[in-house]
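Take a look at the structure set out below.
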Amino acid sequence: MSLRNERVRKTLMKEISDILLKEIKDPKISGLISITDVEVSHDNSYAKVFYSVLSSDDKKDEIVEAIKKNTPKIRHEVGKRVRLRLTPELNFILDESLERGARITDLIDKISKGEI
């Protein structure tokens, strides 16, 4: 990855997090989402935005739908904030690696205590 792409990636992570926190007024989203990573294509026209949800499984589907619904607004706001020739198309992907890591840690703790 080039230095420019790395700077764009970091800027997108910061700005999308800020937009979700301050600009998107959807109550389903507020405070429950954390941007874990952004992958930018070599020409900066596409960006995969990986996010983690801090909520129960029941609300995850609602949050995923709210993110899909608000993607155009988020992209528009990114276009206003980040100075690029072309605003990247955003593809939001749910990242469940943090939850899997927590489950594995819990299992290891139970094994070490002899509960399993």
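Every number here is computed from the coordinates shown, using simple stated rules; none is lab data. The model shown is predicted, which means the values in this text are computed figures rather than measured ones. Here the Cβ is made from the backbone with ideal geometry for all residues, glycine too, and neighbour counts use every protein chain on show.
A few notes on this one:
- The range 43-116 shape via C-alpha gyration tensor axes, a/c threshold 1.5: prolate
- Once the Cα atoms are used to define both axes, helix 57-81 deviates from the longest principal axis of the chain by about 20 degrees.
- When peptides 75-84, 107-116, 62-71 are ranked by their average number of other Cβ atoms within 10 Å per residue, the highest-first order is 62-71, 75-84, 107-116.
- Checking the cross-link pairs Lys14/Lys59; Lys25/Lys80; Lys14/Lys73; Lys10/Lys60; Lys60/Lys80; Lys14/Lys80 against a 23 Å limit on the alpha carbon distance flags Lys14/Lys59; Lys10/Lys60; Lys60/Lys80 as lying beyond it.
- To the nearest ten degrees, helix 97-113 and the longest principal axis of the Cα atoms of the chain are 20 degrees apart.
- Over the chain, dividing the summed -39,500 (n - 2.57) contributions of all DSSP H runs of at least 4 residues by the number of residues returns a 222 nm mean residue ellipticity of -18500 deg cm²/dmol.
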